[in-house]
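Novice: Below is the structure I would like to discuss, written out as structure tokens.
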Amino acid sequence: MPAVTLREVARVSGGTVVGDGDRVINGVCSPAECREGMLCVVWDHGILELIPHNIPVLTKSGTLSGRDGIEHESPREALVDLLTLFDRRAARTPGVHPSASLAEGCSIGEGVYIGPCCVLTEGANIGDRTVLQGNVFVGRDVVIGSDSRIEACVALHDFVEIGSRVIIHSGVTVGCDGFGHVQTDGGWRKIPQIGIVIIEDDVEIGPNSTIDRATFGVTRVRRGTKLGSLLHVAHNCDIGNDSVMAGCTGIGGSVTIGRGVIAGGMVGIADHVTIGNGVTIAGRSGVTKNVRDGLTVSGFPAQEHMVETRFQASLRHVRDHTERIRKIEKILEKSGLGDKRNDEL
């Protein structure tokens, strides 16, 4: 990324230049790493005085005075644009690496990059400007939309459908068999998993996550949802639009999750549970029953957060209560009431 002026950075981010707009900016940095030529991002204007005066800053509107920088109504939103501007990961030159294997009948759009040792099987359809990094496996009749990015060592199994502007990070497997077996007199018998997986537009899937194909029908991750690392989505799940789920979360089979759901890390969701729109699930919670729209839940088994908070607070006093009960029992025993109580029991 070539250096740009402070004025150009402000234009890209939608901010307002303060001071010398012709200053050259080579990138962005935090207050702990500020150095010449960088734009320092400051959320808390209270620490502005700690930033060397020669370092330009990006901060909240109305807080800069007497120094160069950019003011913005939402510095965090502006940072997204700046990180995109200074992203050093170069766009791939379109083409197919000589070591890639493409079966007959594959459809490759314009401006596509297919990296080393990729394997595309019969009927694979890759949309315009999509990038497949090294060692990506694309199964039979898989469809990938335009402007998507599939990182190294991803496996997209047969009949999977991937939308546009999807990001799938390294090590992800989409469309592997769901975990389904039936116990018989002769042991466990595998249930064939003949459904598909559909990943809609603008979804991001973190490294080493797995999304199982449906037993029959569809496992679906809807538009705009973001899934973290080491996350498992079992067969026949339906995850709603614009949901965010952090890493190490496990979602059981046939779970339905509404729109705009937020789940912290290490959440477990039992089979066949329905979670409503706008629900927040605290990290390390175990959801064992349906959750209605708009609730915040926590704990195991998960319950309304305020109820769980009071429960956890009461646990801190259990030891004290136990000691008090023991003292009362000793008093009763000395008075002879303890024996009477035992006889009645």
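The values are calculated or read from the model by the stated rules, or taken from the named source; none is laboratory data. Keep in mind it's a predicted model, so treat the numbers as computed, not measured. FYI the Cβ positions are ideal-geometry reconstructions off the backbone, even for glycines, and counts take in every protein chain you see.
Novice: From the list VAL218, VAL197, which residue is within 16 Å of THR256 (Cβ to Cβ) and in contact (Cβ under 8 Å) with a residue 24 or more places away in the chain? Break it down into steps so the answer makes sense when it comes.
Specialist: Numbers: VAL218 fails: in contact (Cβ under 8 Å) with a residue 24 or more places away in the chain.
Criteria check complete, one pass: VAL197.
Conditions tested, residue by residue: (1) surrounded by fewer than 18 Cβ atoms within 10 Å (Cβ to Cβ); (2) closer than 26 Å to ARG222 by Cβ; (3) out of contact with any Ser or Thr (no Cβ under 9 Å at 6 or more places or on another chain).
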| position | (1), (2), (3) |
| --- | --- |
| SER99 | yes, no, yes |
| GLY109 | yes, yes, no |
| GLN133 | no, yes, no |
| VAL142 | no, yes, no |
| PHE159 | no, yes, yes |
| ILE167 | yes, yes, no |
| VAL172 | no, yes, no |
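Novice: Moving to a separate point now. What residue, among those in the range 178-217 that are within 27 Å of GLY247 (Cβ to Cβ) and of a type in the set (S, T, N, Q), is surrounded by the fewest Cβ atoms within 10 Å (Cβ to Cβ)?
Specialist: ASN208
To keep it simple, each residue is scored yes or no on (1) farther than 22 Å from VAL160 by Cα; (2) among the hydrophobic types (A, V, I, L, M, F, W, C); (3) assigned to a loop (DSSP other than H, G, I, E, B); (4) in the same structural domain as LEU39 (by TED's automatic domain parsing).
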position: LEU79; (1), (2), (3), (4): yes, yes, no, yes
position: SER99; (1), (2), (3), (4): yes, no, yes, no
position: GLY105; (1), (2), (3), (4): no, no, yes, no
position: GLU110; (1), (2), (3), (4): no, no, yes, no
position: CYS117; (1), (2), (3), (4): no, yes, yes, no
position: ARG129; (1), (2), (3), (4): no, no, yes, no
position: GLY134; (1), (2), (3), (4): no, no, yes, no
position: ASP141; (1), (2), (3), (4): no, no, yes, no
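Novice: Enumerate the pairs (first residue in the range 117-138 and on the phi > 0 side of the Ramachandran plot; second residue anywhere and β-branched (Val, Ile, Thr) and assigned to a strand (DSSP E or B)) with beta-carbon separation below 9 Å, excluding pairs fewer than 6 apart on the same chain, so at least 6 apart or on different chains.
Specialist: Pairs found: GLY123/VAL143; ASN135/VAL119.
Conditions (1) out of contact with any strand residue (DSSP E or B) (no Cβ under 8 Å at 6 or more places or on another chain); (2) within 15 Å of ILE167 (Cα to Cα), marked per residue:
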| residue | (1), (2) |
| --- | --- |
| GLU200 | no, yes |
| GLU204 | no, yes |
| ILE257 | no, no |
| GLY260 | yes, no |
| ALA263 | no, no |
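Novice: Test of understanding: among SER61, SER65, SER74, SER13, which residue is buried (at least 16 other Cβ atoms within 10 Å of the Cβ), of a type in the set (S, T, N, Q) and over 30 Å from ASP141 (Cβ atoms)?
Specialist: SER13
Novice: Among the residues of the range 164-183, is there at least one that is among the charged types (D, E, K, R), part of a strand (DSSP E or B) and more than 23 Å from SER254 (Cβ to Cβ)?
Specialist: no
Novice: Going by the conditions given, is GLY253 at pLDDT 90 or above, surrounded by 13 or more Cβ atoms within 10 Å (Cβ to Cβ), touching a Phe, Trp or Tyr at 6+ places or on another chain (Cβ under 8 Å) and under 28 Å from THR219 (Cα atoms)?
Specialist: Values: at pLDDT 90 or above: yes; surrounded by 13 or more Cβ atoms within 10 Å (Cβ to Cβ): yes; touching a Phe, Trp or Tyr at 6+ places or on another chain (Cβ under 8 Å): yes; under 28 Å from THR219 (Cα atoms): yes.
Yes; evaluated as a whole, the condition is true for this residue.
Novice: Taking the range 224-251 only, how many residues are within 12 Å of the chain's Cα centre (by Cα), part of a loop (DSSP other than H, G, I, E, B) and of a type outside the set (A, V, I, L, M, F, W, C)?
Specialist: Within the range 224-251, the subset within 12 Å of the chain's Cα centre (by Cα) is 224-232, 242-249.
Next cut, part of a loop (DSSP other than H, G, I, E, B) only: 224-225, 228-231, 242-243, 246-249.
After this cut, where a residue has to be of a type outside the set (A, V, I, L, M, F, W, C) as well, the list is 224-225, 228-229, 242-243, 247, 249.
The qualifying residues number 8.
Novice: Tell me yes or no: at least one residue of the range 205-217 is closer than 17 Å to SER148 by Cα, part of a loop (DSSP other than H, G, I, E, B) and either at pLDDT 95 or above or touching a His at 6+ places or on another chain (Cβ under 8 Å) (or both).
Specialist: Yes: the range 205-217 contains one or more residues that are closer than 17 Å to SER148 by Cα, part of a loop (DSSP other than H, G, I, E, B) and either at pLDDT 95 or above or touching a His at 6+ places or on another chain (Cβ under 8 Å) (or both).
Novice: Further question: Looking only at residues in the range 10-38 that are under 28 Å from the mean Cα position of the chain (by Cα) and not in a loop (DSSP other than H, G, I, E, B), which one is nearest to VAL80 (Cα to Cα)?
Specialist: SER13
Novice: Now for a different question. From the list GLY264, GLY247, exactly one residue is touching a residue at least 40 places away in the same chain (Cβ under 8 Å), within 24 Å of HIS169 (Cβ to Cβ) and out of contact with any Asp or Glu (no Cβ under 9 Å at 6 or more places or on another chain). Which is it?
Specialist: Details: GLY264 fails: touching a residue at least 40 places away in the same chain (Cβ under 8 Å).
Result: GLY247 is the single residue among GLY264, GLY247 that is touching a residue at least 40 places away in the same chain (Cβ under 8 Å), within 24 Å of HIS169 (Cβ to Cβ) and out of contact with any Asp or Glu (no Cβ under 9 Å at 6 or more places or on another chain).
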